[in-house]
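Student: Shown below is the structure under consideration.
The values are calculated or read from the model by the stated rules, or taken from the named source; none is laboratory data. All figures in this text were calculated on a predicted structure; none of them were measured in a lab. Cβ coordinates were reconstructed from backbone atoms using ideal geometry, including for glycine residues, and neighbour counts include every protein chain displayed. For the accessible areas, the whole protein counts, side chains as well, though only heavy atoms, and no ligand, DNA or RNA atoms are used. Shrake-Rupley method; radii C 1.70, N 1.55, O 1.52, S 1.80 Å.
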Amino acid sequence: MTRSDTVEVVHNPSRHRFEATVDGELCRLEYRLEGGVMVIHHTEVPAALGGRGLGGLLVAAALDFARANALKVSPTCSYAREWMNRHPQSLDLLATP
């Protein structure tokens, strides 16, 4: 679980996603595990909640989980891939192609 001021990101392992409910709207990052690799394949924040950094909170929570569990990350989701590129401290988690 990750918190940022008033937003709580929760890991929902049974659905393979990280979630945050903001103003009654569900934000989510979906992944699958392939061996020791977390493949982040979808990040979704409702348009009405855009620009608040919620997608970044979801990606950060997923990467924290990956690091804590010795997983590498393959961001096939363009948002997650761009977020990682903007945060070079996360690049050590990248799975080799």
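Student: Among the residues of the range 85-95, is there at least one that is surrounded by 13 or more Cβ atoms within 10 Å (Cβ to Cβ), in contact (Cβ under 8 Å) with a residue 40 or more places away in the chain and over 14 Å from residue 28 (Cβ atoms)?
Tutor: yes
Student: Could you list, in sequence order, the residues of the range 19-33 that are charged (D, E, K, R) and either touching an Asp or Glu at 6+ places or on another chain (Cβ under 7 Å) or outside any strand (DSSP E or B) (or both)?
Tutor: 23, 28
Student: What number goes with the only condition from (1) part of a helix (DSSP H, G or I); (2) touching a Lys or Arg at 6+ places or on another chain (Cβ under 8 Å); (3) of a type in the set (Ser, Thr, Tyr) that residue 79 does not pass?
Tutor: Evaluating residue 79 over (1) part of a helix (DSSP H, G or I); (2) touching a Lys or Arg at 6+ places or on another chain (Cβ under 8 Å); (3) of a type in the set (Ser, Thr, Tyr) leaves (2) as the failure.
Student: Any residue at all in the range 34-46 that is assigned to a helix (DSSP H, G or I), loosely packed, with under 15 Cβ neighbours inside 10 Å and over 9 Å from the mean Cα position of the chain (by Cα)?
Tutor: The answer is no, given that none of the residues of the range 34-46 is assigned to a helix (DSSP H, G or I), loosely packed, with under 15 Cβ neighbours inside 10 Å and over 9 Å from the mean Cα position of the chain (by Cα).
Student: Let me ask you something else. Just the residues that are open to solvent by 40 Å² or more (accessible area, probe 1.4 Å) and part of a helix (DSSP H, G or I), please, taken from the range 58-76.
Tutor: 64, 65, 67, 68 - these are the residues of the range 58-76 that are open to solvent by 40 Å² or more (accessible area, probe 1.4 Å) and part of a helix (DSSP H, G or I).
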